[in-house]
Structure formats: C-alpha cells, structure tokens
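Accompanying notes for the structure given below.
The values are calculated or read from the model by the stated rules, or taken from the named source; none is laboratory data. Being a predicted model, the structure only gives us computed values, none of them experimental. With ideal geometry, Cβ positions are generated from the backbone for all residues, glycine too; neighbour counts draw on all protein chains shown. Quick note on the areas: whole protein, heavy atoms, side chains included, nothing else; ligands and nucleic acids left out. Shrake-Rupley method; radii C 1.70, N 1.55, O 1.52, S 1.80 Å.
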Amino acid sequence: MKATPLSNCERRFLLRAVQEKKRLDGRQCYDYRNIRVSFGADRGCCIVDLGRTRVLAQVSCELVPPKPSRPTEGVLFFNLELSPMAAPGLEPGRQSELLVSLNRLLERCLRDSKCIDTESLCVVAGEKVWQIRLDMHLLNHDGNITDAASIAGIVALCHFRRPDVSVQGEEVTVYTPEERDPVPLSIHHMPICVSFAFFHQGTYLLVDPTEREERVMDGLLVIAMNKHHEICTIQSSGVVMLLQDQILRCSKIAAVKVAEITELIQKALENDQKARKEGGKFGFAESIPNQRITAFKMESAAVDTNDVEEQAGEIIAKADPPSEVIANPVLHTPGTAQIGEGIESSWGDLEESEKEEAAEEEGESEAAAFECEKVETEDTSTVRKTKSDEPIVLSDSEEEEVVILEPQELPRKTRTQTSSKQENPSKKAFNKRRRKKRTSR
C-alpha cells in the first residue's frame, strides 16, 4: 500500500511555514521533540519515543566461532526492520532503499565508531566468542527514524548484561544469572545521530524533521557524534549542495543536542538500575503514565485520620435527632410478625395453595390408575370367554387389537393395527384367507 501523497496546498503551506520559521507542532527550528526511554523487564530491551516516532530495541547474545580474519574479537550484528504497522507506505519483507540506507548508517555509527570493545567479547581465541545481536523494530513512524533508532540501539546496548563465563582447560562454563551476576558490555562512548533537514536549496534549516517535513525537504544531513565532540560518521543525501560553513554550523548544534541526549540516557539507566536494586516496580507496564484509561491504575491518595473522632462528633451534633415513634409488632399467623407499615406476609396463603395443588395432582393420578386397572380387567374377561384356538377380533373401530391364542399357552403377541382404510389391499386379502383356513380346521 502506497503512502498518501501530499497535496499541493499542504506542500505550499509547509514551505511557507518554514520560511516564516514556524513548525506545525509549535517547536522552534533547532528544537528536538520530547524523548522518552522505557525499559522492559529483561535486560537489553527498551522502547524509545521521539515525539510520536517509536522504536523497540532488543539485544541478545550467543557463543559462536570467530571470524578467521579476527580470531580474538567478538561479532556485532545490527538489524532494523520496518513494517506496515509503523506506516502504510512501508512494505514487509522487502529491502527498500530507505531500509538499506538506515542499516548501513547504523552500522557505521555503532560498529565502525568502535564504541563497543569487541576484544572483551572473546572467550577462547580462535574458538568461541560472543556474538551480540541488536534487533530494532519501528513501531510508529512520524519522521526521523535515524535518530530514534540510534538512541534506542545505544540505550539497549548499555542496558544489556551478558552471562558470565569461565574457562578451565578446554571446557567453557556459562553461568546463569542466579549463579553469577551478568556482565555489562564494555562501551567506550555513546554515538548519537542528529538529523538536519534543508529547505529552499539550503537556505532554511530544521532539526529533527517530522514525517511531513521530510516529504517537502530538499536535502538531509545526518551527523553521528558523542559527548566528547568526536564525529563518528556523517552522511548527506538529497539534491542540495552544502557549504563548509553550513556543515560546521550543524556540527556545533549537534554537539549541544548530543550532550543533552547523553545526559538523559544516563539518568534513565540510573533510575532503572536503582529500581531493580531496591526491588521496586520496573518494566513497560510501570512506564505507562498514571491516570490514563489504558493504565488501569491511579495514584494512591493519602487519607488524614488524625481528627476523625472530632469530625464524627461534629457531624452527629449537627444531624437531626431520630424520631420517637415506636413501631408495634403485628401478629398475623403463628410464627410470623410485622413491624411498621409494610406489606403483609402471604406465606400462609402460599402454603395452602401448594397443598391444594398437591391434593389435586394425587387425585388425578389415582383416577388414571383406576381407569388403567379397569381396562386391563375388561381385556382379561373377554379373553377368557373365547376358545383357546381361535383368533378373536375385539372391535371393528379404526384401531383394532388382534389377539392370537394357542392351546395351553398365554397370549404371545398383541399387535395394534391401523385403520382398514390405511392397510394395503393385498394384506387384507391375506388376512381373510388365513382366517378362513383356521375356521375350516
């Protein structure tokens, strides 16, 4: 699904706002959006919100053989994934130009800057080293994916702890977190990307562009720098030609922004470490702001119980005295009583009606049993009057009951036949022949 294109009116409006040094979200030209860092329950998992752009980062590790060219260094692997969940214009399972450029930029920023000591990841030279894998997922896209991904990646690496290992001869033992405390990664510095958008052939400059500003910009400059004012990587894209003074100006702005972001990251890591040591609550669920419908929790309110007795006495004194009306109990039937003007109890009436219904049911059942006995006695009397070897037709009604008697035996079959209108003519003829043969005998 393609992204919704901007109309000409929107494009002219955005460019006019840039000329007037105004932005849609009310920021100044060099202002960053609010950055929010939240950590998961596991080590090395975090979510970074840059305005409405959200990136999830997760770090994992495993023991693998080293590269033949570098037998004493660990392996670093970085991967950023874009999905339609973040924006409709992003296609799943396809290496677009945007995704390829972002992955290359993040690799230069994190791997080529040597921010992680890869030699400390070696366990046995030439045999086993740690492979650190950083996976990042874009959850929501509102512009400036590069900065959000770089912040999420370095925060996840600083927050991650790998298992401790010991080597005895050729045997390598990996300890669980319960046996030994995990070991943090050796990180020398924290490179952070800062993006600059240029408009009108480099005349106007904006820091941290949004998604709509990225659509109308002429060029983009990304500078990766650490708090020591060391430039780790720099990349320029677009159709704009930049001058030396413009790049130096951007680098000075990036130095200020990187120092602010680094301080914010360090405070977030310290707060999480403090919460884990003190046994407090941590994780994504605790990072949801209180007093929201989606949070399902509210801040506890303090209750002052010092002057409860005095306040209760004042309330009782101000209240109206109770009425002196005394209700007399009313006895209707034995075992029941009524106080006040309520509805009379009808339990007795219900019991009598239930008894009457039960008596009626018993009478009906007795009458039905008596009729059944009467019918059975009539049938037995008619059978006794007949001879022992003749079939007897008891009635000529629509339903006939044929009883076949044999000598010195009780009746075996009792068959109910349907009316003569519903019988087959061939069956009628067969029955007549059978009766004639029996009478002739």
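How do LEU63, LEU248 stack up against each other in accessible area, from largest to smallest, with a 1.4 angstrom probe?
If we order LEU63, LEU248 from most to least accessible, we get LEU248, LEU63.
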**Complete:** If every Lys and Arg gets +1 and every Asp and Glu gets -1 at its Cβ, then about the Cα centre the range 13-281 yields a dipole, in debye to the nearest 20, of 760
**Item:** Computed label-point distance, nm, for sites GLN246 and ILE316 using a 7 Å Cα→Cβ extension
**Value:** 8.3
**Asked** What does a probe at MET85 reach in the range 31-57, counting residues whose amide N is under 13 Å from the point 7 Å along Cα→Cβ?
**Response** 54-57
**Asked** So which of LYS227/LYS267; LYS227/LYS252; LYS22/LYS252; LYS227/LYS257; LYS114/LYS252 end up more than 20 Å apart by C-alpha?
**Response** LYS22/LYS252; LYS114/LYS252
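Could you sort MET217, MET190, MET136, MET85 by accessible area so the largest value comes first, with the probe set to 1.4 Å?
Details: MET217 45, MET190 25, MET136 0, MET85 130 Å².
From most exposed to least exposed: MET85, MET217, MET190, MET136.
Give me the percent relative contact order of the range 13-281, please, defined on Cα pairs under 8 angstrom at least 6 residues apart.
19
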**Item:** Average accessible area per residue (Å²) across the range 13-281 - probe 1.4 Å, nucleic acids and ligands excluded
**Value:** 51
**Asked** How many nm separate the modelled label positions at VAL167 and ALA359, each set 7 Å beyond the Cα in the direction of the Cβ?
**Response** 10.3
**Nitroxide proxy distance, nm - points 7 Å out along Cα→Cβ at THR305 and SER101** = 6.4
**Fill in**
Computed ³J(HN,Hα) along the range 89-95: with the Karplus parameters 6.51/-1.76/1.60, θ = phi - 60°, integer Hz and x for glycine or proline, the list is x, 8, 9, x, x, 9, 7
**Item:** Surrounding net charge for LEU6, when Lys and Arg each add one and Asp and Glu each subtract one, Cβ distance under 9 Å
**Value:** +2
**Message:** Out of the total accessible area of the range 13-281 (probe 1.4 Å, heavy atoms of protein only), what percent is carbon and sulfur?
**Reply:** 49
